[in-house]
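Visitor: Here it is, the structure in full.
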Amino acid sequence: MHEEASMRSIAVTAAGGPEVLRVVEQPDPVPAPGQVLVRVRAACVNPADVAARVGRLPGGPVPPPFTPGWDIAGEVVAAGDDVTDLSVGDLVAGMIPWFLTRGTPGGYAELVAAGTDWLAPVPPGLDPVVAATVPLNGLTAHRMLEIVDLPGPTEILVTGGSGGVGGFAAQLAAQAGHTVLAQATHEDEAWVRGLGVRTVIPRSADLAGYGPVPVVLDAVPVGDPAGPAVAAGGTVVTTRPTPPLDPAKRVRQEVVLVQTNRQALGDLLKAVANGTLRTRVAATLPLAEAAEAHRRLDRGGLRGKIVLTP
């Protein structure tokens, strides 16, 4: 009798603390048309994964069990029908569009079937662990600047410059010619300054003292405290909904939703590979220690991302 091949993945077994993350065995996924099967070499742990674990997701909680995880990097081991742009053996990095899949599949697994439009080649020499930190955070930051759609250089204030989205947003804004002011956590000022930031703002500072600026990219988001920093008629882009600001200021408020952009993802990965874009890995842990990864994320104070490896 033919025995069905199986793989290990991490399941959220109930809404709750890190202890609800358990190793489970599942049948190997089969790529559908337009998908490839990726043997995961690295899966990045994001705050969005914690939100899924505790049941605080836009659109409501996902009924357990489900597999969390947005970001992956790994090797293509099979291709579905209609796939012409990736081949077995290719190294790729990309994203599971979790707002669409809601855990079917998630990236905390040994194998993932993923659409090719959400994947891009990993440049030669780029560590998959590093590559896995790029897709969600990098594309979110890229989309923030697309939303603002500035006609020329201006001042931009970025919250969470020490973090994943904020760090990429600060770099992309500076490289586009903007003057960047960005928050840094305590003792992380040198890192943030090295991203091309002109003014480093202590995390505890009143942002009103650094405005008014035409644009605030509220990557944390901090919400109300960002309001006094934005100029009348300016723009605030946040990573999740925040309360409305004073209508008298006529501030445009937008919420970023990451979108598929294979060209942009490929460019981001190339920039990380050649050193023109920086990202950080705080720690790597085996896939089976996903619960410990979440404990560390819950405690905070990380300098970079936690990445799960086989």
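Conditions (1) modelled with pLDDT under 95; (2) small (Gly, Ala, Ser); (3) more than 18 Å from the chain's Cα centre (by Cα), marked per residue:
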site	(1), (2), (3)
Asp218	no, no, no
Gly227	yes, yes, yes
Ala231	no, yes, yes
Arg240	yes, no, no
Leu269	no, no, no
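Visitor: Same structure, new question: Taking Glu155 and the conditions (1) under 29 Å from Ala43 (Cβ atoms); (2) modelled with pLDDT of 95 or more, which numbered condition does it fall short on, given that it satisfies the others?
Guide: (1)
Visitor: Let me ask you something else. Kindly evaluate Pro27 against the criterion of being open to solvent by 40 Å² or more (accessible area, probe 1.4 Å), under 19 Å from Leu100 (Cβ atoms) and touching a residue at least 12 places away in the same chain (Cβ under 8 Å).
Guide: The answer is no for Pro27.
Visitor: Suppose we filter the stretch 194-204 for residues that are under 19 Å from Ala282 (Cβ atoms) and modelled with pLDDT of 95 or more; how many remain?
Guide: To start, the set of residues in the stretch 194-204 that are under 19 Å from Ala282 (Cβ atoms) comprises 194-195, 203.
Pick out the ones that are also modelled with pLDDT of 95 or more and you get 194-195.
The number of residues fulfilling the criteria is 2.
Visitor: Sort out which residues of the stretch 236-265 are touching a residue at least 24 places away in the same chain (Cβ under 8 Å) and among the charged types (D, E, K, R), and write them in order of number.
Guide: Scanning the stretch 236-265 gives Arg240, Glu254, Arg262.
Visitor: Still on this model: Quick test for you: out of Leu172, Leu181, pick the one residue that is touching a residue at least 12 places away in the same chain (Cβ under 8 Å), outside any helix (DSSP H, G or I), open to solvent by less than 40 Å² (accessible area, probe 1.4 Å) and among the hydrophobic types (A, V, I, L, M, F, W, C).
Guide: On the way: Leu172 fails: outside any helix (DSSP H, G or I).
Step by step, each of Leu172, Leu181 is checked, and only Leu181 is touching a residue at least 12 places away in the same chain (Cβ under 8 Å), outside any helix (DSSP H, G or I), open to solvent by less than 40 Å² (accessible area, probe 1.4 Å) and among the hydrophobic types (A, V, I, L, M, F, W, C).
Visitor: Quick check: anything in the stretch 132-144 assigned to a loop (DSSP other than H, G, I, E, B), touching a residue at least 12 places away in the same chain (Cβ under 8 Å) and open to solvent by 10 Å² or more (accessible area, probe 1.4 Å)?
Guide: no
Visitor: Another question, if that's okay. Among the listed residues Asp49, Asp71, which satisfies the condition of being within 18 Å of Trp98 (Cα to Cα), open to solvent by less than 50 Å² (accessible area, probe 1.4 Å) and touching a Cys at 6+ places or on another chain (Cβ under 6 Å)?
Guide: Asp71
Visitor: If you scan the stretch 206-216, which residues turn out to be within 27 Å of the chain's Cα centre (by Cα) and hydrophobic (A, V, I, L, M, F, W, C)?
Guide: Within the stretch 206-216, Leu207, Val213, Val215, Val216 meet the criteria.
Visitor: Residues in the stretch 74-92: is at least one in contact with a strand residue (DSSP E or B) (Cβ under 7 Å, 6 or more places away or on another chain), at pLDDT below 95 and over 25 Å from Leu139 (Cβ atoms)? Don't jump to the end; show me each part of the working.
Guide: Here is the first cut: in the stretch 74-92, the ones in contact with a strand residue (DSSP E or B) (Cβ under 7 Å, 6 or more places away or on another chain) are 74-80, 83, 86-92.
Pick out the ones that are also at pLDDT below 95 and you get none.
No: zero hits.
Visitor: Moving to a separate point now. Report whether or not Gly152 is within 17 Å of Thr276 (Cβ to Cβ) and either over 17 Å from the mean Cα position of the chain (by Cα) or open to solvent by less than 20 Å² (accessible area, probe 1.4 Å) (or both).
Guide: Numbers: within 17 Å of Thr276 (Cβ to Cβ): no; either over 17 Å from the mean Cα position of the chain (by Cα) or open to solvent by less than 20 Å² (accessible area, probe 1.4 Å) (or both): yes.
Here the answer is no, as Gly152 does not meet what is asked.
Visitor: Next up: With the stretch 3-121 as the region, which strands (runs of 3 or more DSSP E) entirely inside it contain at least 1 residues that are touching a helix residue (DSSP H, G or I) at 6+ places or on another chain (Cβ under 8 Å) and not small (Gly, Ala, Ser)? Before the answer, list the steps.
Guide: Values: elements: 6-12, 21-27, 35-45, 71-79, 91-95, 111-115, 119-121.
Output list reads 6-12, 21-27, 35-45, 71-79, 91-95, 119-121.
Visitor: Answer yes or no as to whether Arg278 is open to solvent by 60 Å² or more (accessible area, probe 1.4 Å) and farther than 27 Å from Met144 by Cα. Let's see the steps before the verdict.
Guide: On the way: open to solvent by 60 Å² or more (accessible area, probe 1.4 Å): yes; farther than 27 Å from Met144 by Cα: no.
No; evaluated as a whole, the condition is false for this residue.
Visitor: Against the condition within 19 Å of Ala282 (Cβ to Cβ) and in contact with a helix residue (DSSP H, G or I) (Cβ under 7 Å, 6 or more places away or on another chain), how does Val216 come out, does it pass? Give the steps one after another, and end with the answer.
Guide: Numbers: within 19 Å of Ala282 (Cβ to Cβ): no; in contact with a helix residue (DSSP H, G or I) (Cβ under 7 Å, 6 or more places away or on another chain): yes.
The answer is no for Val216.
Visitor: Next question, about the same structure. List the residue pairs whose Cβ atoms are under 6 Å apart, where the first residue sits in the stretch 92-106 and is in contact (Cβ under 8 Å) with a residue 24 or more places away in the chain and farther than 14 Å from Val258 by Cβ, the second is among the polar types (S, T, N, Q) and not in a strand (DSSP E or B), and the two are 6 or more positions apart or on different chains.
Guide: That search, which allows pairs on different chains as well, returns Gly103/Thr67; Pro105/Thr67; Gly106/Thr67.
The values are calculated or read from the model by the stated rules, or taken from the named source; none is laboratory data. Keep in mind the model is a prediction, meaning the values are calculated, not measured. As a convention, Cβ positions derive from the backbone with ideal geometry for all residues, glycine included, and neighbour counts pool all protein chains shown. What goes into the accessible areas is simple: the full protein's heavy atoms, side chains included, and nothing from ligands, DNA or RNA. Shrake-Rupley method; radii C 1.70, N 1.55, O 1.52, S 1.80 Å.
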